[in-house]
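Structure, as structure tokens:
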Amino acid sequence: MISLIRVDSRLIHGQVIEAWLPHLKIQRILVADDSAVTDPLTRAAMALAVPPEVEVVLQGIADVDFRRFENDGVRTMVLLRDVPSAMRAYEYGLVGPLNLGNVHDGPCATPSAETCT
């Protein structure tokens with residue numbers, strides 16, 4: 001089950017590990033990010049930062065079966081890098097409220113169809 005969907009350009013970082021994971025009793029982190037999935041150093045750093053009892057899944061946005069993660073009963077936190085990534089994830093079937101964390105300023109910093117195409 002997806003417990004939290006969060007946009008945060010830092011993806012996995014201290015606040016996620018120290019606050020969100022224990023507060024929501026997260027069992028799995030799904031990082032849906034097209035850049036991180038192709039970077040071995042980023043993948044390794046994310047896996048090492050998370051306690052061993054928490055599963056880390058890193059996939060490109062188009063490759064994620066969001067319905068499977070929603071329906072499998074494992075408490076999951078979805079992390080997305082930016083607002084355009086979140087908009088794409090919703091197009092691919094992600095459903096639920098969006099928590100905005102660290103969002104860099106720019107033309108796509110808000111989910112507005114007029115400014116973000």
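The values are calculated or read from the model by the stated rules, or taken from the named source; none is laboratory data. This one's a predicted model, so the numbers in the text were calculated from it and none came from an experiment. Cβ coordinates were reconstructed from backbone atoms using ideal geometry, including for glycine residues, and neighbour counts include every protein chain displayed. Surface areas here come from the heavy atoms of the whole protein model, side chains and all, with no ligands, DNA or RNA. Shrake-Rupley method; radii C 1.70, N 1.55, O 1.52, S 1.80 Å.
Surface composition of the chain: carbon plus sulfur atoms contribute 55% of the solvent-accessible area (1.4 Å probe, protein chains only, all chains present).
Relative to the longest principal axis of the Cα atoms of the chain, the long axis of helix 40-49 lies at roughly 50 degrees. Kirkwood radius for the chain, taken over all pairs of different Cα atoms as the inverse mean of 1/r, rounds to 14.3 Å. Taking GluC sites (Glu not before Pro) in DSSP loop conformation with at most 10 other Cβ atoms inside 10 Å as exposed sites, the chain has its longest uninterrupted site-free stretch at 54-113.
FRET efficiency for the pair R10 and N71, taken as 1/(1 + (r/R0)^6) with r the Cβ-Cβ distance and R0 = 35 Å, rounds to 0.80. Average 1/r across all pairs of distinct alpha carbons in segment 1-51, invert it, and you get the Kirkwood radius: 11.7 Å.
Rounded to the nearest 500, the 222 nm mean residue ellipticity of the chain from helices alone is -6500 deg cm²/dmol, with -39,500 (n - 2.57) taken per DSSP H run of at least 4 residues. Compared with the alpha-carbon gap, the fully stretched path from A47 to E91 is longer by 13.1 nm at 0.36 nm per residue.
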